[in-house]
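The values are calculated or read from the model by the stated rules, or taken from the named source; none is laboratory data. This structure is a prediction, so every number in the text was calculated from the model and none was measured. We place every Cβ from the backbone using ideal geometry, glycine too, and count neighbours over all the protein chains shown. Ligands, DNA and RNA are stripped out before the accessible areas are found, and what is left, the full protein with its side chains, is counted by its heavy atoms. Shrake-Rupley method; radii C 1.70, N 1.55, O 1.52, S 1.80 Å.
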Amino acid sequence: MPAARALTASEQDWLRVRSFLQAHRYELAGDAAGDYPAGRKVAGTPLLAAPGWQPAVPVPLRDITLEFTAGEGAAPAGEGPALAGAAAPLPERPDGTRYPRYSDAVRDLAAPAVFENRPTYRLTDAVLISGLAPEASRLAFTRGRYFDGVDTGEAAAHEYAALRLGLRGEHSPACLRALIADPCDLRRRPVNLAISTLTLRLDQATGRASFLLHWRDPAKVGHAGGLYQVIPVGVFQPSGDAAWRERRDFSLWRCMLREFDEELRGRSEDYGAGPPDYDAWPFARRMTAALEAGQIRVWCLGLGVDPLTYATDLLTVAVIDSRVFDELFSLAPRGNAEGSVLAARDFAAHVIDRLVTGEPVQAAGAALLRLAWRHRDVLTGLPRRPS
């Protein structure tokens, strides 16, 4: 919440741009996508991708090799002080100094309910290729922090919003986006990876599937507030700061398990003094057993970058047999810690078209829905039905 004091004129101007950004994220993302070639966009949506990020067919999650190199704070080529200073000048505080980072201004002036600089696995390289040896698909990481992405991606989105408002100078340096240039170049900026999962409840008896969407409450989340998104979605990160968490949690599946439990079952993100014991945790054991039995099938459909905020998402689909889904989850609409889980929708072409073209769906979610429908026969194992 904003500090209980009088705001400077500079802080008030910054808040006006921030409010405009929060209220118009969907439209701004669509406009920002226009700055990039059509060939870089995923499935006709605003989401951007680099060569090697869109496999021709879905890749089983288990076939993606993960690599980790320690070294938090090591700046890739093109980053470092140049990027850190590009978003300046930031708002001026009452003592005449300026906020050193965009995340500092958000924390003091416009913090959502949860806004913490938690550790992350920072993406440094990515190749997703189908049809070859399983090890051909790989993701490489080092140590990162959540605010790394806020200080570049959200700052770049703020810059774009300021330009749309016609502001120049103090609140629109117009250089951060130019310095980053290609947001799909992982060498140009720190990249925190989110795992975005479209969850399909598949009824084998009827051959029909349904899915849930999440409305992200801007008062509760620091990113993509006011937009619809697939569920669950979470930053790929350890469950805490301790070194043993970093090692034990370095798994796409384990990160997804925590997000399923938090967003669809209402569990807190606070896992206490130690990391989750995935072998003893009943929910994790049941999900993993279902995965090994083929009752849950998890696929990766690609990787993409939001053209406004540079948020980077691994696009995944979890197909869960109806009996397992109904045992562990619910299709009923309800609130959660980050917004609202909306009523279930049929997984059908006309439903997806209406959502993607007529509703404020986050770019990653829109691309994932389109790709999932394109590959529905592979994902569900069912013959194609008329659209």
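Hey, any idea what % of the range 222-356's accessible area is carbon plus sulfur with a 1.4 Å probe? The partial results should precede the final answer.
Details: 2480 of 4940 Å².
C and S fraction of accessible area: 50 percent.
Which whole-number percent is the relative contact order of the range 257-387 (Cα, under 8 Å, 6+ apart)?
20
Using a Förster radius of 41 Å, what is the FRET efficiency between Asp346 and Arg138 based on their Cβ-Cβ separation? Nearest 0.05, please. Write out the running numbers ahead of the final one.
Details: r = 35 Å, r/R0 = 0.86.
The value I calculate is 0.70.
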**Simple spin-label estimate for Thr97 and Ala205 in nanometres, 7 Å along Cα-Cβ** = 6.6
**Item:** Per-peptide average of other Cβ atoms within 10 Å, ordering 319-328, 288-297 highest first
**Value:** 319-328, 288-297
**Rh (Kirkwood; distinct C-alpha pairs) - the chain, Å** = 21.4
**Message:** Keeping all protein chains in the complex and leaving out DNA, RNA and ligands, what accessible area do you get for Leu301 with a 1.4 Å probe, in Å² to the nearest 10?
**Reply:** 10
**Request:** Enter the accessible area per residue of the chain (Å², integer; probe 1.4 Å; all protein chains in place).
**Result:** 41
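From the C-alpha coordinates alone, can you work out the Kirkwood hydrodynamic radius of the range 277-372, in Å? Walk me through the numbers on the way to the answer.
Values: mean 1/r = 0.0641 Å⁻¹.
When all Cα pairs of the range 277-372 are included, the Kirkwood radius is 15.6 Å.
Give, as a single signed number, the net charge of other residues whose beta carbon lies under 12 Å from the beta carbon of Pro183, with Lys and Arg counted +1 and Asp and Glu -1. Don't jump to the answer; show the numbers that get you there.
Working: positive: Arg40, Arg177, Arg187, Arg188, Arg189; negative: Asp35, Asp182, Asp185, Asp306.
Result for the local shell: +1.
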